[in-house]
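This is the structure, below, for whatever I ask next.
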Amino acid sequence: MERTASSLEGAVDSAISTPASLAPRGEAVDLAQAVARVRQVAEAVRANIGRVIVGKAAVIDLLLVALLSEGHALIEDVPGMGKTMMARALARSIHGAFARIQGTADLLPGDITGISYFNQKTGDWEFRQGAVFAQIVLVDEINRIAPRTQSALLEAMQERQVSVEGHSLPLPTPFLLLATQNPVEMEGTFPLPEAQIDRFLLRLRIAYPSFEEERDMLYRFKDIQPLDTLAPVITAEEMGRLPAVVRAVRVTRPVAEYLLALVRATREHPAIELGASPRAALALFRASQALAAMQGRDYVKPDDVKGLAVPTLAHRLLVTAQSRLQGRTVEDIVGEIVSRTPVPAEKL
């Protein structure tokens, strides 16, 4: 554990030692000022999306965590909860391109990545970009896509590029893939393989609004569509530079070891058949850095790790058959692990 925690801290110390990477044109920038800018952007984007989405600040924050961590998010919820509108509002807020992929069984890999075709007018082969070439990509009902086509998303999610006919093409920056799946209707679906689920930084649920929130929503959408008038609060270029600030946020050894204690506990818990992978540890590490920066801090607190443990770890775990029969959910088990793991008391 000590060696792994030290290597994680080493990566962060390296990022802090080169603050010039946080600014364009090689200009040095103060980390405290850069983190303050991240907080300012997070507040502006949250407020901007709040003009369209009523009362889901916590969900919006998780999307921003994924975006700033250069990760991706899986949204599991029933239809009609505003998933598409939230993704569109996020794209508009950062002045980024938006693309929507509707999951169907006959969707082909080329529909996602793009295809090469012969242009008879120019007499040459040309590449037509697929839907994945956008800053915010919504894959609606990803579990309705056939496994062969689902695999076309793996390279895009992990390497932020696609390979077509032997050529590797980079995706735009920033790049966030939001995938949705309906947890109720399973007919005609293809369960996501563990390798693909593990590539999602977060899994989240929007959940039904409260009575007051739903009433406000009715009046807000009575006359106009707020999304049509939504203006960007930051450029995509600047948003693409903010993950460098996140990577420079300090994580002390006690906090890193606390994080690893949570991850390792998932591998030893009797109710869990498959524990969290090393990729999960890195995901929780980066997500905690992003949350700290969004709150204006240049260091991670144990509370950041605790608050992100369930959305970062739960979807990567497999519970035992006996636990499922007992009605135990993976979220409950992760919560139990968090409550039982000692929190470091060292001064940050």
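The values are calculated or read from the model by the stated rules, or taken from the named source; none is laboratory data. As the structure is a computational prediction, the values presented were derived from the model and not from experiment. Cβ coordinates were reconstructed from backbone atoms using ideal geometry, including for glycine residues, and neighbour counts include every protein chain displayed.
Do we find that Met81 is assigned to a helix (DSSP H, G or I), closer than 24 Å to Leu201 by Cβ and in contact (Cβ under 8 Å) with a residue 12 or more places away in the chain in this structure?
The answer is no for Met81.
From the list Arg203, Arg220, Arg247, Arg215, which residue is out of contact with any Gly (no Cβ under 7 Å at 6 or more places or on another chain), in contact (Cβ under 8 Å) with a residue 24 or more places away in the chain, surrounded by fewer than 19 Cβ atoms within 10 Å (Cβ to Cβ) and not β-branched (Val, Ile, Thr)?
It is Arg220.
Only one residue in Asp332, Asp303 is without any contact (Cβ under 8 Å) to a residue 24 or more places away in the chain and under 20 Å from the mean Cα position of the chain (by Cα), so which one is that?
Sole residue among the options that is without any contact (Cβ under 8 Å) to a residue 24 or more places away in the chain and under 20 Å from the mean Cα position of the chain (by Cα): Asp303.
Residue-by-condition table, conditions (1) modelled with pLDDT of 90 or more; (2) β-branched (Val, Ile, Thr); (3) under 25 Å from Glu331 (Cβ atoms); (4) touching a Cys at 6+ places or on another chain (Cβ under 6 Å):
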| site | (1), (2), (3), (4) |
| --- | --- |
| Glu9 | no, no, no, no |
| Ala20 | no, no, no, no |
| Val38 | yes, yes, no, no |
| Val78 | no, yes, yes, no |
| Gly82 | no, no, yes, no |
| Ile101 | yes, yes, no, no |
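If you don't mind, another one. Just checking, does the range 96-103 include any residue being farther than 21 Å from Leu171 by Cβ and out of contact with any Gly (no Cβ under 7 Å at 6 or more places or on another chain)?
Scanning the range 96-103 turns up no residue that is farther than 21 Å from Leu171 by Cβ and out of contact with any Gly (no Cβ under 7 Å at 6 or more places or on another chain).
Among the residues that make up the range 86-109, is at least one of them in a helix (DSSP H, G or I), more than 12 Å from Arg205 (Cα to Cα) and of a type in the set (Val, Ile, Thr)?
So the first thing to find is which residues in the range 86-109 are in a helix (DSSP H, G or I), and the list is 86-93, 109.
Narrowing the set further to residues that are more than 12 Å from Arg205 (Cα to Cα) leaves 86-93, 109.
Retained after the next criterion (residues that are of a type in the set (Val, Ile, Thr)): none.
Taking every residue of the range 86-109 in turn, none turns out to be in a helix (DSSP H, G or I), more than 12 Å from Arg205 (Cα to Cα) and of a type in the set (Val, Ile, Thr).
Then there's this: Count, please, the residues in the range 103-140 that happen to be more than 30 Å from Pro79 (Cα to Cα) and in contact with a strand residue (DSSP E or B) (Cβ under 9 Å, 6 or more places away or on another chain).
Final tally of qualifying residues: 10.
Hey, among the residues in the range 38-64 that are among the aliphatic types (A, V, I, L, M) and under 15 Å from Thr229 (Cβ atoms), which one's surrounded by the fewest Cβ atoms within 10 Å (Cβ to Cβ)?
Here the answer is Ala47.
Where residues in the range 122-154 are among the acidic types (Asp, Glu) and within 27 Å of Met86 (Cα to Cα), which of them is surrounded by the most Cβ atoms within 10 Å (Cβ to Cβ)?
The selected residue is Asp140.
In the range 102-121, which residues are over 17 Å from Gln161 (Cα atoms) and surrounded by 18 or more Cβ atoms within 10 Å (Cβ to Cβ)?
Gly103, Leu107
Take Ala179 and decide whether it is loosely packed, with under 13 Cβ neighbours inside 10 Å, in contact (Cβ under 8 Å) with a residue 40 or more places away in the chain and of a type in the set (A, V, I, L, M).
no
Filter the range 250-286 for residues that are basic (Lys, Arg) and in contact (Cβ under 8 Å) with a residue 40 or more places away in the chain; which is farthest from Arg88 (Cα to Cα)?
Arg253
How many of the residues making up the range 298-315 are surrounded by fewer than 23 Cβ atoms within 10 Å (Cβ to Cβ) and either assigned to a loop (DSSP other than H, G, I, E, B) or among the charged types (D, E, K, R) (or both)?
Qualifying residue count for the region: 4.
For the subset of the range 326-348 comprising residues that are exposed (fewer than 14 other Cβ atoms within 10 Å of the Cβ) and within 27 Å of Tyr299 (Cα to Cα), which member is modelled with the lowest pLDDT?
Selected residue: Leu348.
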